Amino acid sequence: MAETVKLAYQGKTYEFPVLEGTCGEKAIDISTLRTTTGLITFDPGYMSTGSCQSQITYLDGEKGILLYRGYPIEQIAEKSSFIETACLLIYGELPTREQLDYFQYHLVHHSMVHESIKNLYDGFPNNPHPMAVCSAIVGSLATFYQNELNVRNEREVEIAIHRLMAKLPTIAAYSYKKSIGQPFQYPDNTLSYSANFLKMMFSLPCEPYEVDEDAAKVLDVLLILHADHEQNCSTSTVRLVGSSMCNLFASVSSAIYALWGPLHGGANQAVIEMLQNIHDDGGDVNKYVQKAKDPNDSFRLMGFGHRVYKNFDPRSRIIKKLADKIFSKPGAQEPLLDIALQLEEIAIKDSYFIEKKLYPNVDFYSGLIYRTLNIPINMFPVMFAIGRLPGWIAQWKELQEDKQFKIGRPRQLYKGSPKRDYVAIENRQE
Ligand code: CMC
């Protein structure tokens, strides 16, 4: 007998089915609530609302579990590559050698952008934030491939996926080059995804450049850790925009903007800025912990807390290990590391943070690692976007293929003025 939930309202009882997820989590199916009862649910910030059924990523915030298509993040980070992870997320299974080669071949052969795209970069003011540029250029791809944007055409979707995966590192590196006034560097199709990105970022036409393979490997792991995180703000954006049957480029362009905010993908940038502030202010970590605890102070410890992880963030453990390895190398210097370590030490023992279940999240250490790769601070959210791209694509594709596909359209509780008559301007009160 299927489980149900009963709702008693105005003398009537209504029954709603309970759905069960693979790992035992349960949800009340209230899709008929409004038509049967006239009621809607009210849930700002979607604290208790499931917006879709998905087979891509599972996370358990209490136990600190994160699975990509069932595989634990710890195993994927240790054994896989970013491209294989992207294949897994987008197509559902770990690829065979042949499938991986096919995917890789297409990523390599779409890595250049149309030459006219370079002109778009010149339209921006000097020193633009690369996140804004990236999103705009990704959106503009829809103009270059406007005859291949049918979201119900499997072949057109496939080629859009290849193009976007292949071109985002190029677009991102060009955004950086534009921001520092250096010439764009074409992609090098002989290199891995991460190595090619580093080369486009840091090479110059006037001198040889050797990619540091260790740095490329570290970057690959960081990208894997960011590859998907179920229905977060930017992923929900990609789904909502995609639900109007909007093409992949426009949907992902919107997701990049959603990711930019300091409470989401902008947090790794905000962490470094916060650590730098503490450093420049004399390094008194305690002062900032007190500020974060003060209810009258809007300051928050960036890199702490998570909407879902209320015990630990499994990605932050992997990153911490990576950071320990990098910073224990002779010659590795990071003046902000000491402040970060002190902050973590104080905060994880402090009752305020323990009671509110605020632990270091994925962004707490990722910024410090990006700095060792010489990635400038305003590129941090862009790095997050490159990492999150396979997740956005997988979620967008799953939505388009969903048998229950519906345009996203939440309801609201109107609290404004009741109906009233228009007042002529001369009769309005000051
Ligand atoms: N420092 C100090 N206090 C905090 C912090 C923090 N970082 N995070 C939450 N709190 C307090 C908050 O003031 C609130 O207190 P009270 O109950 O007294 O009002 C309580 O903890 C709950 O906070 P919330 O904002 O209701 O929690 P949320 O689940 O809506 O927000 C969050 C999650 C990540 C937005 C929040 O913890 C935050 O602002 N963290 C700092 C920014 C950050 O590191 N973001 C990266 C998130 S991980 C990357 C990603 O997946 O996007």
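Read-outs throughout are calculated quantities, based only on the coordinates presented, and are distinct from any laboratory measurement. A quick note: this is a predicted structure, and the numbers were derived from the prediction, not measured. When we count neighbours, we look across all protein chains shown, and the Cβ atoms used for this are built from the backbone with ideal geometry, even at glycine.
Yes/no matrix, rows are residues, columns are (1) farther than 24 Å from CYS87 by Cβ; (2) in a helix (DSSP H, G or I); (3) within 20 Å of the chain's Cα centre (by Cα):
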position: SER366; (1), (2), (3): no, yes, yes
position: ARG371; (1), (2), (3): yes, yes, yes
position: MET379; (1), (2), (3): yes, yes, yes
position: PHE384; (1), (2), (3): no, yes, yes
position: ARG388; (1), (2), (3): no, yes, yes
position: LYS406; (1), (2), (3): yes, no, no
position: PRO410; (1), (2), (3): yes, no, no
position: GLY416; (1), (2), (3): yes, no, no
position: GLU426; (1), (2), (3): yes, yes, no
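Scan segment 286-341 for residues that are within 12 Å of the ligand (Cβ to nearest atom), within 18 Å of ILE73 (Cβ to Cβ), outside any helix (DSSP H, G or I) and out of contact with any Lys or Arg (no Cβ under 7 Å at 6 or more places or on another chain) and jot them down. Residues satisfying the conditions are HIS306, ARG307, VAL308, TYR309, ASP313.
Test LYS397 against the criterion of being closer than 26 Å to PHE197 by Cα and in contact with a helix residue (DSSP H, G or I) (Cβ under 7 Å, 6 or more places away or on another chain), and give yes or no. The answer is yes for LYS397.
On the basis of being of a type in the set (A, V, I, L, M), part of a helix (DSSP H, G or I), touching a helix residue (DSSP H, G or I) at 6+ places or on another chain (Cβ under 9 Å) and crowded, with 18+ Cβ neighbours inside 10 Å, does ILE346 make the cut? Write out each step before concluding.
Working: of a type in the set (A, V, I, L, M): yes; part of a helix (DSSP H, G or I): yes; touching a helix residue (DSSP H, G or I) at 6+ places or on another chain (Cβ under 9 Å): yes; crowded, with 18+ Cβ neighbours inside 10 Å: no.
No, not satisfied.
With respect to being more than 10 Å from the ligand (Cβ to nearest atom) and closer than 19 Å to MET383 by Cβ, GLN276 fits the description. Taking segment 186-256 as the region of interest, the helices (runs of 4 or more DSSP H) fully inside it that hold 2 or more residues being hydroxyl-bearing (Ser, Thr, Tyr) and crowded, with 19+ Cβ neighbours inside 10 Å are 193-202, 233-242.
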